[in-house]
Amino acid sequence: MDSRKLHQLEECGRQPSDPKRHKRTHTGEKPYQCVQCGKSFTRASHLKAHKWTHTGEKPYQCVQCGKNFSDKLYFKKHKMIHTGEKPYQCLVCGKKFIVASNLKVHQRTHTGEKPYQCVQCGKSFTQASHLKTHKRTHTGERPYQCKPYQCEQCGKSFRHAGTLKTHMRTHTGEKPYHCIQCGKSFADARTFKTHQRTHTGEKPYLCVQCGRSFARASHLRAHKNIHTVEKPFQCVECGKSFKQASEFKRHNNIHTGEKLYHCEVCGKCFTLGSAFRRHKIMHTEEKPYQCVQCGKSFSRASHLKRHKKTHTGEKPYQCVQCEKRFAQASLLRRHKKMHTGEKPYQCVECGKSFAEAETLKTHKRTHTGERPYECVQCGKSFAQAVTLKRHHQRLHTGEKPYQCEWCSYKELY
């Protein structure tokens with residue numbers, strides 16, 4: 001066995017065409033340094049490509065769209081956008097990729113493999129770049145001082161021209177990525193790609209422990225905490241612990257009473273941005289999520305998902321006490337309280353108790369007189385969304401969806 005092969009077995013078992021250059025991935029050696037910003041590279045070609053970020057030179061031009069690139073590899077990847085070529089396919093979920101390295105990284109979402117481990121705290125990562133970024137939390141290193149691309153409007157600086165271009169859209173309002181299914185537009189390609197999954201139902205991020213899939217990597221990361229007992233976020237006010245930072249932040253608002261999000265239409269305030277965004281749709285009547293089977297539209301993706309079960313008849317949630325089945329987990333939870341008689345939500349005004357927090361919230365309006373649901377056609381307000389819907393059907397649309405099974409008589413409710 002020659003010395004080269006012995007070296008391969010000792011390090012990683014690979015058989016690179018250039019062992020000397022490959023060895024730098026293990027040693028961390030970066031002999032090629034940029035004299036302008038001090039950044040170092042393992043290859044001379046990488047330094048050469050980096051220098052163009054300072055000069056602005058982009059020698060590779062796409063003949064189809066005229067876009068220029070400083071990096072030959074990025075140029076090669078870009079051309080595949082026009083051809084639609086994605087030669088590397090995942091055997092587990094069928095997803096295709098332009099480059100082999102992207103497929104390799106993607107496969108780790110199925111296997112759960114995290115080959116890059118921090119020697120200081122033991123935390124593992126799926127990508128070397130993520131480990132590199134993480135290490136800076138220990139060292140305090142801030143290597144990217146050179147940000148040659150500056151926004152003329154707000155002064156913010158960026159390392160890449162493309163990032164500056166995307167940032168500029170926050171000033172111009174430009175949203176070049178249009179969804180052909182719902183008409184919604186987006187400023188950047190990544191957000192657009194994530195949005196498309198609400199229509200396709202694609203969930204590429206799989207939990208290897210329970211098989212549940214997610215549309216976003218962040219959702220999978222948050223979900224994984226369910227399988228561990230670790231709750232690193234603790235409230236100093238009451239001692240309660242949480243698995244996720246977002247849950248802790250939401251809980252903390254209970255103590256502070258802080259409501260950062262204010263609706264300009266009705267004046268209602270919210271502690272969470274997600275709740276505020278959902279609320280705004282109530283005023284616009286926007287319903288971007290459409291059922292492909294019956295054409296009915298919904299304001300939330302979760303409502304469409306729930307509706308689809310009316311077509312399939314699926315009822316995956318079963319009561320262990322009476323074996324009754326339900327299409328939604330929330331309906332099962334509500335049903336269980338019929339067996340226990342539990343009513344944990346009490347009105348401080350009159351002492352009346354309720355099984356659901358939402359029912360208590362609606363009840364409180366009988367004391368406050370609050371009517372947050374306003375008809376956009378006549379201006380009349382209501383305490384409940386269902387009452388507004390009934391009003392709209394009876395007075396403005398004339399719709400009577402409920403028909404007598406013995407005769408042709410129809411009624412609103």
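What follows draws every value from the coordinates through simple rules; no lab data is involved. Small disclaimer: the values here were computed from a predicted structure and weren't measured. Methodologically, a virtual Cβ is constructed for each residue, glycine included, from the backbone with ideal geometry; neighbour enumeration extends over all protein chains shown.
Miscellaneous remarks
- Summed over all non-identical Cα pairs, the Kirkwood treatment of segment 23-82 gives a radius of 12.9 Å.
- On the beta carbon distance between Cys210 and Thr55, with R0 = 41 Å, the FRET formula returns roughly 0.20.
- For segment 175-309: span of alpha carbons on each principal axis (Å, largest first): 47, 44, 32
- Here's the picture: charge each Lys and Arg Cβ at +1 and each Asp and Glu Cβ at -1 in the chain, and of Gln64, Phe158, Leu388 the one pushed furthest to the positive end of that dipole is Gln64.
- Simple label model, 7 Å out from Cα along Cβ direction - Met168 to Glu349, nm: 5.5 nm
- Proxy reagent accessibility, fewest Cβ within 10 Å first, across His160, His106: His160, His106
- Relative contact order for the chain: 4 percent, from Cα pairs under 8 Å spaced at least 6 residues apart, divided by residue count.
- Exceeding the 21 Å Cα-Cα cut-off - candidates Lys280/Lys315; Lys96/Lys193; Lys193/Lys287; Lys287/Lys336; Lys123/Lys147; Lys76/Lys104: Lys280/Lys315; Lys287/Lys336; Lys123/Lys147
- For segment 23-167, Kirkwood radius (reciprocal of mean inverse C-alpha pair distance, Å): 18.1 Å
- Other-chain or far-sequence residues with amide H under 5 Å of Tyr32's (modelled H): Phe41
- For the chain, the longest principal axis of the alpha carbon atoms and the long axis of helix 245-256 meet at an angle near 50°.
- When each of Lys114/Lys231; Lys20/Lys224; Lys240/Lys364; Lys203/Lys231; Lys203/Lys240 is checked by Cα-Cα distance, pairs over 30 Å: Lys20/Lys224; Lys203/Lys240
- Modelled spin labels at Met80 and Tyr317, positioned 7 Å past Cα toward Cβ, are 4.2 nm from each other.
- Counting 0.36 nm for each residue step from Ser218 to Ser246 and taking away their Cα separation leaves a gain of 8.9 nm.
- P(r) of the chain over all Cα-Cα pairs, binned every 20 Å from zero, in whole percent: 14, 48, 29, 8, 0
- Label point distance in nm, Gln328-Tyr116, each placed 7 Å from Cα along Cα→Cβ: 4.2 nm
- Nonlocal amide H pairs with Tyr261, under 5 Å, H built at 1.01 Å: Phe270
- Per-residue ³J(HN,Hα) for segment 108-119, Karplus 6.51 cos²θ - 1.76 cosθ + 1.60, θ = phi - 60°, Hz, x for Gly and Pro: 5, 5, 8, 8, x, 5, 9, x, 9, 10, 7, 6
- Residues whose amide H comes within less than 5 Å of that of Lys184, counting only those at least five positions distant or on another chain, are Cys179 (H built at 1.01 Å from N in the peptide plane).
- The calculated FRET efficiency for Lys123 paired with Lys380, based on their beta-carbon distance and R0 = 56 Å, is about 0.50.
- Dipole magnitude of segment 23-82 about its Cα centre (Cβ charges: Lys, Arg +1; Asp, Glu -1), debye to nearest 20: 180 debye
- Gyration tensor (alpha-carbon) shape descriptor, segment 155-227, a/c threshold 1.5: oblate
- Taking 0.36 nm per residue of sequence separation and removing the Cα-Cα distance, the Lys389/Glu286 pair yields an extension gain of 35.6 nm.
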